[in-house]
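Reviewing the structure listed below.
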Amino acid sequence: MSELSAAEWASCDVAIDGLEAMDEDQAYRAMDLLVAADTQAEVQEAVFFAVADLLNLEVDLLFFDTTSTYFERDDEETGDDAFRCYGHSKDHRGDLPQIVIGLAVTKEGIPVRVWCWPGNTNDQAILPEVKDDIRGWRLGRIITVADRGFSSAANLAYLRRGGGQFIAGMRMRDGNPLVEQVLSRQGRYQQVKENLRVKEVHVDDTDVRFVICHNPEQAEHDRTQRVDAIAGLETELARIKQAKQRDRKRKVGAKAKQRAEAAHLKAECALRDHPTLGRWLRQSPSGRLFIHRAKIKQEERLDGKYLIATSDPHISAEDVALGYKNLLQAERGFRDLKSTLELRPVFHRLEHRIPAHVLICWLALLLIRAAERRTGLTWHRIATELGRVHAVALTGSAGTAVHTTPLTTTQADIYRDCQIPAPPRITALDPA
């Protein structure tokens, strides 16, 4: 929502006690005041601890992830202080400048803090900053949970500074000898849930514990996708081969033969460079394409599996797996920021107002999660119910009175659970 839309919404669509109207200049000044007060995240810290106290939160696991949001502009900014830059887009819009947004949440999905970085920032470079910023809040002993994109050896070592601990996903396909050693260890799986089994593996010369997680349903899904992909590749390779043989037997001129060869080469290159199918192919020195059977065998070992590492010596393997799965709370937060709260598009030209925009969305997400936790309802249901409460102006010979529509049981329960006073039956009275 732009500032103009926000001002129009506050002036025309809702009844806010003490606020008859506002304009976009007031909205901009409020943003500037907010971002100036939050230069060292003081606003975020004060608001979070107030909510944590209100909801009796225990912050023992902290989940962190990043996303990106893009800008509809022709080119990126330049210079040492460039903010809107090209980078790896998690929205699949690498053609547009972007910024990187980091979000830390609790295991209940309550947002703790938000960060903004230039769009060309690498995930591996930001975790030390996040660790230092959170340490300054004195949350006590926490375990940081991070995805595979942050699990470099340097990052994991940094997370252990000052007695900190981590739970981190590990990349299984980058040829890391330690990962290969872990995956090759024998052992029995322990059933955690119907669709989750875990196996803890200890490796010599390290105090890091490794947990292999296996989802049988995902394993079958991976196998089916691979079989279908290989079948499609075999069909397409056979078609190209038959077309080559057919064209070689045809009696045509040299130019026609060149066009036919170019078409076959183009089809083979398209297969080799395909973003999902190309991984199953290998190319001989002569240029001929083959199904990569060794690659298929390697992937069969990994069907339905993911690998987690933790430095905590006390947490159980089951809790490690379930804690890591709660990273979905951070992903859910990003989905709500981008959809429900309309983080994008960002309408601001001035750079300092972009973090202010993100901060306002973070505050809104915090309110949403607090309301959901207090009421036990989804935000969609809460917003729908409260959106049906109206202030109605009735005008007669005696004057004008503004009445609030009677609350339903559900609406009254939402106000009560959120500890918000219900609107009075009559909000304004203007005798003639």
With θ set to phi - 60°, apply the Karplus curve 6.51 cos²θ - 1.76 cosθ + 1.60 along region 70-81 and write out the HN-Hα couplings as whole Hz, x wherever there is a Gly or Pro.
-> 9, 10, 7, 9, 6, 8, 8, 6, 10, x, 5, 9
If you take the alpha carbon radius of gyration of region 176-276 and divide it by 2.2 N^0.38 Å, what ratio comes out, to two decimals?
-> 1.86
Would you give the gap between the C-alpha center of region 84-132 and the C-alpha center of region 187-231, rounded to a whole Å?
-> 28 Å
For the chain, longest principal axis from Cα atoms; helix 254-272 axis from its Cα atoms; angle between them, nearest 10 degrees, is 50 degrees
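Where does the charge balance sit around HIS314 when Lys and Arg score +1, Asp and Glu -1, over other residues with C-beta under 14 Å from its C-beta? Present the calculation step by step, with values, prior to reporting the outcome.
Numbers: positive: ARG141, ARG209; negative: ASP60, GLU200, ASP207, ASP312, GLU318, ASP319.
Value of the local net charge: -4.
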Ellipticity estimate at 222 nm from DSSP helix runs (n ≥ 4, -39,500 (n - 2.57)) divided over the chain, nearest 500 | -13500 deg cm²/dmol
Projected onto the charge dipole of region 218-302 (+1 at Lys/Arg Cβ, -1 at Asp/Glu Cβ, origin at the Cα centre), which of ALA219, LEU265, LEU302 gives the Cα projection farthest towards the positive end?
-> LEU265
Against the longest principal axis of the chain, how steep is helix 353-375, in degrees 0 to 90 to the nearest 10, with axes from Cα atoms?
-> 80 degrees
Pick from ILE143, ILE308, ILE16: which is most flexible by mean-square fluctuation in a GNM of the chain where alpha carbon atoms under 10 Å apart are linked?
-> ILE16
May I ask you to list the aspartates and glutamates whose Cα is less than 19 Å away from that of LYS266, ignoring any residue fewer than eight positions away on the same chain?
-> GLU234, GLU236, ASP247
The set of residues whose placed amide H lies less than 5 Å from the amide H of ALA428, leaving out same-chain residues fewer than 5 positions away, is VAL402
Amide H to amide H under 5 Å from THR69: which residues, 5+ apart in sequence or cross-chain, H placed 1.01 Å off N in plane?
-> ILE99, ILE101
19 Å Cα-Cα reach of LYS325 towards lysines, excluding residues that sit fewer than 8 places from it in its own chain = LYS107, LYS193, LYS199, LYS305
Compare ALA260, ALA30, ALA50 in a GNM of the chain, Cα atoms joined below 10 Å, and give the one with the largest fluctuation.
-> ALA260
Work out from phi, with θ = phi - 60° and the Karplus expression 6.51 cos²θ - 1.76 cosθ + 1.60, the ³J(HN,Hα) of each residue of region 327-343, listed in order in whole Hz, and give x for Gly and Pro.
-> 4, 4, 5, 5, 5, 4, x, 5, 4, 5, 4, 7, 9, 4, 9, 6, 4
Roughly how big is the chain's charge dipole about its Cα centre, with Cβ charges of +1 (Lys, Arg) and -1 (Asp, Glu), in debye to the nearest 20?
-> 3540 debye
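Taking a ≥ b ≥ c as the square roots of the eigenvalues of the Cα gyration tensor of region 335-401, is the shape rounded (a/c under 1.5), prolate (a/b larger than b/c) or oblate? If you can, show how the numbers build up before the last one.
On the way: a/c = 3.30, a/b = 1.57, b/c = 2.10.
Since a/c reaches 1.5 but b/c is at least a/b, the shape of region 335-401 is classed as oblate.
We did not get these values from a lab; they are worked out from the coordinates using the rules stated. Note that this is a predicted model, so its numbers are computed, not measured. Cβ coordinates were reconstructed from backbone atoms using ideal geometry, including for glycine residues, and neighbour counts include every protein chain displayed.
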